Amino acid sequence: MKTRIIGAIIALILTVVGAFILVTYVRGADARAQEGAELADVYVVTEEVPSGTPGESIGDFVKLDTAPQRNIPDGAVTELSELDGLVADGKVFVGEQLLTAQFVSPEVKASRGEVDVPAGMQEVSFALPVQRMVGGAVRAGSKIGLVVTKYEVGADIKDGTPTFVPESQFSFNGVLVTNAQIGENVSDGDSSEEDGTSGDTILLTVALATHDAERLVWAMEGYEQAGEYLPYVGVWATLQNETTDTSGSSPVNESNFR
């Protein structure tokens, strides 16, 4: 009995010693491999990067680490600013090194019919005649502005009597278009079938925050159902880009048109 106990103790001791020797050897091998190796900074993904994530937000998903230069692939990101203006072309998984090849311009992604909806936003569609859609130049991936004309309480410029005055202003800027389809024949918004005109239309799907989606629906309801209660609501789209300046926007009506 004592012999078996002593044997078990000896076996346990040998196991512990063997494990210690193995760990020490592995660590030593790693150290030997690192000796003389030139180290460089790399960005390693610590949280899965969703497809379409803007390059400007990538800092929330990575950490700065070091690795032997020989283990760093070509195209490794050395400065996060390299990704400004780009979006993730697909998911980037935890543990991966960050590479410029994992990112593309929004236009390239859109050209393949792939436009990701930003987190927290939702899609809504609306249609307008092509002449209100920059002549059909709007595409998936475009950024648009929307000018809405609606009636506001005002005064007649001739005699000052209270009246409703049409007023136009940018109501949306930098709206991301996720899909664009060409349609056929839609009313221009005039409630009279005789006076109304028809023409080619574009059906746009855009990504908006919750309240902005409500505002767009309100504007389109007025545009499509103009009548006695809503005498006129107009909606026009503009094509915007990264350098578009909307700081000079202000309401325009008949009193300040000039």
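Values quoted throughout were computed directly from the atomic coordinates according to the rules given, and no laboratory measurement underlies them. Being a predicted model, the structure only gives us computed values, none of them experimental. We place every Cβ from the backbone using ideal geometry, glycine too, and count neighbours over all the protein chains shown.
Which lysines, on any chain, are close to K158 with Cα under 21 Å apart, when same-chain ones fewer than 8 places away are left out?
Cα-Cα hits under 21 Å: K150.
Scan around G141 for amide H atoms under 5 Å from its own, H built in the peptide plane at 1.01 Å from N, and keep only partners 5 or more places away or cross-chain.
Amide H to amide H, under 5 Å and 5 or more residues apart or across chains, G141 pairs with V177, T178, N179.
Reachable lysines from K91, Cα under 24 Å, same-chain residues fewer than 8 places away excluded?
K63, K109, K143
Which three numbers, in whole Å and largest first, are the semi-axes of the equivalent ellipsoid of segment 84-161 derived from its Cα gyration tensor as √(5λ)?
Equivalent-ellipsoid dimensions as semi-axes: 42, 16, 11 Å.
Rank by packing, highest mean first: peptides 49-58, 236-245, 206-215, with packing defined as the count of other Cβ atoms within 10 Å averaged across residues.
Ranked by mean Cβ neighbours within 10 Å, highest first: 49-58, 206-215, 236-245.
Calculate, axis by axis, the spread of Cα positions in segment 38-109 along the three principal axes, and write the results as whole Å, longest axis first.
Sorted largest first, the three principal extents are 38, 20, 17 Å.
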